[in-house]
Amino acid sequence: MLTRTKEILTEAKKNHYGIVAPDFWDLNSARDYVRIAEELNAPILLSFAQAHKHLISLEEAAAVGRLMAESVKAPIALHLDHGEDFDYIRRAIDLGFNSVMIDASMHEFKENVRLTKEVVDYAHAKGVDVEAEIGHVGGTTESPTEMESVANVYTTVEEATAFVEQTGADSLAVSIGTSHGVYKNNKNPELNFQRLQELAANVPVPLVLHGGSGTGDDNLKRCVREGITKVNVFTEFTTAALAHAAKAVREEQLKSYMRVQQAADEGIRSVISHYINLLTK
Ligand code: 13P
């Protein structure tokens, strides 16, 4: 059931569990996420990142996302992840996304506030919730080489509280040591839990952790215990899809592309099941 992000995150924050926000890039991945959410009777933020606009158009993502959300009983928000500019975000809202992120975290504080506020004003007038980011979670969902070259900037409590007050954002992505994409040597990152506790104690809106892939189950569980409400995951779905598809080709000597796609879907579903179970229990 298409549900507001605010409702989903408020309920989760109050009851101390985490919400998974998986990025879909086609019909199959969207369907896999929603099917498992329904099976586990768990809310998710079905997300589409602007960076994936070369894979499916915004119109297609909106149609697929709404159809999927409306076809189940589990609470599903349709969320635009990492919106980069006002025009694209406005189009997403007009097409039916009921939740958006503006990521202007690469800008100076004042400019980040200005760009975020512009989106908040437009979105709130249409009953749409807004996530913003302060501090900067490095890496990119696109290229592994770039991932290693873009640095993190930790979120400070002073900036986070002032930012929420000045923008009216409904949730806040914070930087405490995760990065988008894979980590060097496949090692789990060291997170700044002290900073997370301080942020959770002072920031009035739900906190979001980007870069969930490879962060490690213990880290993620502790993040949720200590104040994170929403966890974004993308890369692990694509690696699981590829691994399952490759295994099926190898072991079953597949000749059918359809079967390869089914194997990829099984991989995607196993990852979303894992993260929903991890964060909600
Ligand atoms: P990962 O690709 O590291 O899971 O990050 C996803 C993300 O944060 C999308 O916003």
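The values are calculated or read from the model by the stated rules, or taken from the named source; none is laboratory data. Treat the numbers as computed from the prediction; the structure is a model and nothing was measured. Here Cβ is always computed from backbone atoms with ideal geometry, including for glycine, and neighbour counts include all displayed protein chains.
If you check V203, V208 for being of a type in the set (V, I, T) and more than 16 Å from the ligand (Cβ to nearest atom), only one passes: V203.
The selection criterion, being at pLDDT 95 or above and surrounded by 15 or more Cβ atoms within 10 Å (Cβ to Cβ), does not hold for H180.
Annotation note: Cβ proximity below 6 Å between a residue of segment 77-88 that is within 14 Å of E133 (Cα to Cα) and a residue that is more than 14 Å from the ligand (Cβ to nearest atom) and among the aliphatic types (A, V, I, L, M) (sequence gap 6+ or interchain) occurs for L80/A92; G83/I89. Residues in segment 198-221 that are under 21 Å from V233 (Cα atoms) and touching a residue at least 40 places away in the same chain (Cβ under 8 Å): V205, P206, V208, H210, G211, G212, D217, L220, K221. When the residues of segment 44-64 are filtered to those that are in contact with a strand residue (DSSP E or B) (Cβ under 6 Å, 6 or more places away or on another chain) and not hydrophobic (A, V, I, L, M, F, W, C), which remaining residue is surrounded by the most Cβ atoms within 10 Å (Cβ to Cβ)? Within segment 44-64, the match that is surrounded by the most Cβ atoms within 10 Å (Cβ to Cβ) is S47. In segment 267-275 there is at least one residue that is at pLDDT 95 or above, of a type outside the set (F, W, Y) and closer than 30 Å to V164 by Cβ.
Residue by residue, here is whether (1) within 14 Å of the ligand (Cβ to nearest atom); (2) in contact (Cβ under 8 Å) with a residue 40 or more places away in the chain holds:
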| position | (1), (2) |
| --- | --- |
| F24 | yes, yes |
| A30 | no, no |
| R35 | no, yes |
| V64 | no, yes |
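Residues in segment 177-197 that are touching a residue at least 40 places away in the same chain (Cβ under 8 Å) and within 13 Å of the ligand (Cβ to nearest atom): T178, S179, H180, G181, V182. Of the helices (runs of 4 or more DSSP H) lying entirely inside segment 185-272, those containing at least 3 residues that are hydrophobic (A, V, I, L, M, F, W, C) and farther than 29 Å from V100 by Cβ span 235-252.
Residues in segment 84-128 that are more than 15 Å from the ligand (Cβ to nearest atom) and of a type in the set (S, T, N, Q): N98, N112, T116. Remark: pairs (first residue in segment 233-246, within 16 Å of S273 (Cβ to Cβ) and in contact (Cβ under 8 Å) with a residue 24 or more places away in the chain; second residue more than 8 Å from the ligand (Cβ to nearest atom) and among the hydroxyl-bearing types (S, T, Y); Cβ separation under 7 Å; 6+ apart in sequence or on different chains) = V233/Y275; F237/S29; A240/S270. In segment 125-167, the qualifying residues are those that are in contact with a Ser or Thr (Cβ under 6 Å, 6 or more places away or on another chain) and under 13 Å from L207 (Cα atoms), and the one that is modelled with the lowest pLDDT is G135. Which residues, counting only those in segment 252-272, are within 16 Å of the ligand (Cβ to nearest atom) and of a type in the set (V, I, T)? Within segment 252-272, I268, V271, I272 meet the criteria. Figure legend. Inter-residue proximity from segment 103-130: first residues surrounded by fewer than 17 Cβ atoms within 10 Å (Cβ to Cβ), second residues of a type in the set (F, W, Y), beta-carbon distance below 8 Å, spacing 6+ or different chains. Indicated pairs: F109/F163; E118/F86. Out of L9, L67, L58, one residue alone is out of contact with any Gly (no Cβ under 9 Å at 6 or more places or on another chain) and more than 27 Å from E118 (Cβ to Cβ). It is L67. Of all residues in segment 61-100, those that are polar (S, T, N, Q) and farther than 16 Å from T5 by Cα total 1.
Does segment 237-251 contain at least one residue that is polar (S, T, N, Q), within 14 Å of the ligand (Cβ to nearest atom) and buried (at least 21 other Cβ atoms within 10 Å of the Cβ)? No, segment 237-251 has no match at all.
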